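Structure record follows, encoded as structure tokens.
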Amino acid sequence: QVLSHNLYTVLCIPHDPVALEEHFRDDDDGPVSSQGYMPYLNKYILDKVSPLAIPLQPAVSQALPSLVQGCQSQLQGSGLHIISHQDAFKLWCLFNFLSEDKYPLVMVPDEVEYLLKKICTAMNVELNSCELDDYFSQEPEAQGGLTVWQFLDMVNSGRFLRGIEQEAVSMAVEEVYQEVIEDVLKQGYLWKRGQLRRNWSERWFTLKPSVLSYYMSEERKEKKGSITLDKHCCVEVLPDRDGKRCMFCVKTSSRTYEMSASDTRQRQEWTLAIQTAIRLQAEGKKSLHKDLKQKRREQREQREQRKAAKEEETQRLKQLQEEKERKLQGGLEEVLGACPSLATMLLPPVTSGLPGALRGLGTRDRGSAPLCRKRILELEDMRERLQEALQQEVKARQDEESVRYAQARLLAEEEEKLKQLMKLKEEQEEYIIKTQREKQVLKQEMENKNKWKENFPQSCVGPCRSAGSPLFSVPSQVAQRKLRQASTNVKHWNVQMNRLMHPIGPGDKRTNVSGGGFAGYQPFLSQRDSSLKLRQKAEDKSSDPTRDNSKENVSNGGNSGVPSSPDADTMVTEPTN
């Protein structure tokens, strides 16, 4: 009653004291055995428990102190202290998880080897499988499986953990306990980028099939947040940037989380572990090791079925051979019954052989000798044919067995290939979905762009073209090229016009040698040219005084040999192109 009450309390089940009394109403005398209590435990307690209601943690050890006391007494009785009491409780939890679903609970040798290998791998030590095989061969009662006390005694004996410190063993047991019982796929330190402040912080991450949680430190006392994983999540590798290397991100439906590992190997391990968690969510599985345990159990059952089928086939062949030998013996007895003299000859030593019997037959019973000889030859022929048929059947059975094994191997290979194809199909479907999403996004952007083009006012089309808008990039380039060409032509014509519009400067007065011309027109022309010369000189002096000086020097140099005249200022030179 106390045990049942404690189990009801720990497993969060409503108490039902009446069920216990009704179950043991017909058997109320004497102590209750484990075989008598197990049906009540299965029917009224374990069948009402959900898997999430059994947190196998130290709280259970406090609720069941008798178990811890039993582990302590068992370990103290052995006289060794390789594992602590808390480690013994965790090993008990691992034993219950890996044991077979029958009472009393036992762990088969394959599961024992699996658990010891995981513990040794956590300590970077290789398990000696030959020594484990020797242990099972020396203990015939352990061939069917080990009980929890035998398992704890074997681990605590130091036979497989020789030369390893207790602290290392405790850390390895804790790691395996978290992986198998608490479904921790991977844990360790990673750098995480914040969402608001965008700074990098080092956090302790713990990955489970449904959630990726992160804490301030590996003691996991202060939880900073969690990332819920589902089948729509994905993990991607990112290039190095912002001074961080070995980066990757986890994309959910609401946010993208950026993280950085210490090296490339850690990044690969984390990405593979997160992909495994996402695959479990897509397949609707809640625990990785429960699935692995079920697969190992199915493999053992298939191996046992093949072994039983092989033994059955061998037994059938043996029975068939015995039956043929009985038929042959019956035919020989029939022949001997038909020939009494032959029976008396063959009775003393059968090892004398048939030729000796025939010789005796020829000397003692010549009347029935031909008939007996004929019958014996027929029996020998029948025996040879039966032996040939038996050998052919044995060979056929062997060929059939080899073909069956080959078919089983091919089926296993086909199943593996099918799994790979299914995985590739899932990856292709995910890629197709992703591509369709990107296509929809691009299509939406194009629709928005076309809609904006349609709604864009016509009055802004000209400014956009002249301003180099991306909507009119090609016409804008052509227009700009034409504008540059027109500007070049304008500059060229401006230069030509400036040359043509250059005013005519004054020059020396040309003497009239012939003395022709109109006498009245000459004073008027000289007066006009004089006024033009004075105005031009004033403009040249105001604009470029050095030019005036140079012209005067040239003029003086050119007329150095000619006497000056008062009419020299009124002389006009003809312009030259």
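Some values worked out for this structure:
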read-out	value
Computed E for Gln178/Ala282 - FRET, C-beta separation, R0 25 angstrom, nearest 0.05	0.55
Pair Lys491, Lys327: separation of 7 Å Cα→Cβ label points (nm)	11.8
Sequence-distant lysines (8 or more away, or on other chains) whose Cα lies within less than 17 Å of Lys117	Lys90, Lys293
Peptide ranges 485-492, 292-299 listed from the most packed, as the mean C-beta count within 10 angstrom indicates	292-299, 485-492
Listed peptides 257-263, 188-194, 308-314 by packing density, highest first (mean Cβ within 10 Å)	257-263, 188-194, 308-314
Spacing of the two label points (7 Å from each Cα toward its C-beta) at Lys221 and Glu131, in nm	3.9
Segment 288-333: mean projected area of Cα convex hull, nm²	2.6
Cross-link pairs beyond the 29 Å C-alpha cut-off, checked among Lys251/Lys443; Lys43/Lys208; Lys285/Lys434; Lys192/Lys286	Lys43/Lys208
Phi to ³J(HN,Hα) by Karplus 6.51 cos²θ - 1.76 cosθ + 1.60 over segment 276-285, Hz, x for Gly, Pro	5, 4, 5, 5, 4, 5, 5, 7, x, 9
Euclidean distance between Cα centres, segment 211-278 to segment 394-414, Å	47
Cα→Cβ-extended label distance, 7 Å offset, between Asp291 and Leu500, nm	9.1
Whole-Hz couplings from phi, Karplus 6.51/-1.76/1.60, listed for segment 402-412; x for Gly and Pro	5, 5, 5, 4, 5, 5, 4, 5, 5, 5, 5
Solvent exposure of segment 288-333 as accessible area per residue, Å², 1.4 Å probe	79
Segment 97-140: C-alpha pair distances exceeding 16 Å, %	46
Relative pair counts by distance (%), Cα atoms of segment 186-286, 10 Å bins	16, 51, 31, 3
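The values are calculated or read from the model by the stated rules, or taken from the named source; none is laboratory data. What you see is a predicted model, and the numbers here were worked out from it, not measured in a lab. We place every Cβ from the backbone using ideal geometry, glycine too, and count neighbours over all the protein chains shown. When the accessible area is computed, the model is the full protein with side chains, heavy atoms only, and any ligands, DNA or RNA have been set aside. Shrake-Rupley method; radii C 1.70, N 1.55, O 1.52, S 1.80 Å.
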